[in-house]
1. Looking at Glu51, Glu39 in this structure, which one is at pLDDT below 85, surrounded by 10 or more Cβ atoms within 10 Å (Cβ to Cβ) and touching a helix residue (DSSP H, G or I) at 6+ places or on another chain (Cβ under 6 Å)?
2. If Pro73 satisfies every condition in (1) exposed (fewer than 11 other Cβ atoms within 10 Å of the Cβ); (2) at pLDDT 90 or above but one, which is the exception?
3. Within region 19-35, is there a residue that is assigned to a helix (DSSP H, G or I), modelled with pLDDT of 80 or more and among the hydroxyl-bearing types (Ser, Thr, Tyr)?
Amino acid sequence: MHWEFPTTSLGSSYGTTLGLSVLRYHGDAIDRAILAGVEGPDSTLKYPRTEERQLDTLTKLIAVDPVLRVQIPDLRRLLRRALQSAQLLSA
């Protein structure tokens with residue numbers, strides 16, 4: 001695909017892994033790439049403890065936001081339901 005306007009790709013953290021892959025296979029279609037917090041192919045493994053900390057942080061941030069705490073009263077339950085739904089759809 002060739003676009004008639006300059007294209008810029010932006011990625012951060014895991015997005016950089018995807019961005020590097022796009023550049024590898026479709027670099028001719030990208031004029032510029034901005035990669036922040038570059039994550040290499042060997043550092044994409046996430047340990048459960050890291051994920052738990054991130055979920056705890058998100059849960060705390062949601063709890064102090066007056067709008068989000070009403071919209072997302074139980075983040076873990078919401079994620080569990082989404083994952084269960086995705087598994088049902090992929091079966």
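The values are calculated or read from the model by the stated rules, or taken from the named source; none is laboratory data. What you see is a predicted model; the values in this text were computed from it and never measured. A quick note on method: Cβ atoms are made from the backbone with ideal geometry, for glycine too, and the neighbour counts reach across all protein chains shown.
1. Values: Glu51 fails: touching a helix residue (DSSP H, G or I) at 6+ places or on another chain (Cβ under 6 Å).
Answer to the selection: Glu39.
2. (1)
3. Yes, region 19-35 has at least one match.
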